[in-house]
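Read the structure below first, then the notes.
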């Protein structure tokens with residue numbers, strides 16, 4: 001698992017994330033805004049309340065969080081198979 005150290009909200013539903021392994025970058029989450037549980041971000045200031053949870057999740061509330069591994073893969077443009085060599089696909 002990739003452990004995020006800091007997360008900073010940016011305009012346009014983007015995040016800047018720094019990870020323990022030295023990776024740092026931005027992810028664009030605008031495609032999620034206003035959909036399902038991500039409707040929360042439409043409330044004033046809600047997107048800016050993002051934090052790194054104790055378990056490493058990128059979290060806005062108990063119901064709204066994102067996997068830090070998935071965001072790391074987006075930043076590095078790597079596939080899950082490249083990042084986790086022991087991963088096998090189900091047949």
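The values are calculated or read from the model by the stated rules, or taken from the named source; none is laboratory data. Just so you know, these numbers come straight off a predicted model, no measurement behind them. We place every Cβ from the backbone using ideal geometry, glycine too, and count neighbours over all the protein chains shown.
Among the residues making up region 25-46, those that are surrounded by fewer than 16 Cβ atoms within 10 Å (Cβ to Cβ), in contact with a helix residue (DSSP H, G or I) (Cβ under 8 Å, 6 or more places away or on another chain) and closer than 15 Å to residue 73 by Cα are 25, 26. Scoring residue 16 on the criteria (1) under 28 Å from residue 87 (Cβ atoms); (2) without any contact (Cβ under 8 Å) to a residue 60 or more places away in the chain; (3) in contact with a strand residue (DSSP E or B) (Cβ under 9 Å, 6 or more places away or on another chain); (4) not in a strand (DSSP E or B) leaves a single failure, condition (4). Name the single residue, out of those in region 70-79 being outside any loop (DSSP other than H, G, I, E, B) and either out of contact with any strand residue (DSSP E or B) (no Cβ under 8 Å at 6 or more places or on another chain) or at pLDDT below 85 (or both), that is surrounded by the most Cβ atoms within 10 Å (Cβ to Cβ). Within region 70-79, the match that is surrounded by the most Cβ atoms within 10 Å (Cβ to Cβ) is 73.
Kindly check whether there is at least one residue in region 80-91 that is in a loop (DSSP other than H, G, I, E, B), without any contact (Cβ under 8 Å) to a residue 24 or more places away in the chain and closer than 18 Å to residue 17 by Cβ. No, the conditions are met nowhere in region 80-91.
Scanning region 47-65 for residues that are buried (at least 19 other Cβ atoms within 10 Å of the Cβ) and under 15 Å from residue 18 (Cβ atoms) yields 50, 58. If you go through region 30-69 and pick out every residue that is in contact with a strand residue (DSSP E or B) (Cβ under 8 Å, 6 or more places away or on another chain), under 17 Å from residue 2 (Cβ atoms), in contact (Cβ under 8 Å) with a residue 12 or more places away in the chain and not in a strand (DSSP E or B), you end up with 4.
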